[in-house]
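Working notes for the structure below.
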Amino acid sequence: MLISFVRTGILLVVIVIAVRIMGKRQIGQLQPAELVVTILLSEMAATPMQDNDIPMLNTLVAIAVLVSLEILMSVISLKSRKARSLLQGNSVIIIRNGKVDSHEMKRLRYTLDDLLEALRQKDVFDIGDVQYAIAETDGTLSVLLKPEKRTVTAGDMKLESKDNGLSCAVIMDGEIVKSSFRECAMNDRKLDDLIRSTGEKIEDIFLLTVDKAGSYNLMKKEKIDD
């Protein structure tokens, strides 16, 4: 029992490290090659967890080789457009100037139900509002609405808009997050002044976000009644 526990712990740590090395992506954003590697990693780890007769070293070597190959493919893809096209595929326009390209949809085995569902996920409920729709290599759908259906921006109205930068979390669950200071032009002195102005204690703050302009949003921890 102890051996199984130790093997499972080691494999879990190794897989987490391997996934971190390959980069952060959600499952829905994985390219085909990355998805295959992810599936193989899970299979490689699952079998030794269940069978103690399988040498751990063999599994660890196989995982290392697989991760190395994935990194190598990523490097090659960065340097070669042809290799990137071969490994990842190409984006395909399936709605062009408001017209559905049935030929491309058949080639991708993309049904009308798939298209309408993907549009709804983009908050588009009328296909007639779409000027362009592009099937991306990770399976998602990018949508460009017709000009009359697009949201009016400050640029369209010739208005000047101020860029306040990112709104960064500088306190989370009562702890200061100094790694966010740079993005929102924050420092210890500014944070002390801000907290003092709110009249709150750091340990009582659940979340505090700030942008470069000094605008902030503060959420206090909920008090638990005894």
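The accessible surface of the range 1-152, taken with every protein chain in place and a 1.4 Å probe, is 61 percent carbon and sulfur. Taking all protein chains as shown and a probe of 1.4 angstrom, C168 keeps an accessible surface of around 10 Å². Remark: the T140-S91 segment gains 16.7 nm on full extension, using 0.36 nm per residue and subtracting the alpha carbon distance.
Taking every full run of DSSP H in the chain, the ones that stretch at least 24 Å from end to end by Cα along their long axis and average 1.0 or higher on the Kyte-Doolittle scale are 2-22, 56-79.
Seen from V36, the other residues with C-beta closer than 12 Å to its C-beta sum to a net charge of -3, counting Lys and Arg as +1 and Asp and Glu as -1. Of all aspartates and glutamates in the structure, the ones whose alpha carbon falls short of 20 Å from that of K158, not counting any fewer than 8 places away in one chain, are E148. Between D126 and R109, the distance separating the two model label sites (each 7 Å from Cα on the Cα→Cβ line) works out to 3.4 nm.
With 19 Å as the limit on Cα-Cα distance, the pairs of K201/K221; K190/K212; K122/K212; K82/K106 that go past it are K122/K212; K82/K106. Highest mean packing comes first when the peptides 141-152, 37-48 are listed by Cβ atoms within 10 Å, giving 37-48, 141-152.
Shown here: Rg and Dmax of the Cα atoms in Å, derived from the displayed model; of the candidates (1) 25.0, 71; (2) 19.7, 65; (3) 17.5, 57, it corresponds to (1).
The values are calculated or read from the model by the stated rules, or taken from the named source; none is laboratory data. Because the structure is predicted, anything quoted here is derived from the model rather than measured. Neighbour counts run over all protein chains shown; Cβ positions are idealised from the backbone, glycine included. For accessibility, only protein heavy atoms count, side chains too; no ligands or nucleic acids. Shrake-Rupley method; radii C 1.70, N 1.55, O 1.52, S 1.80 Å.
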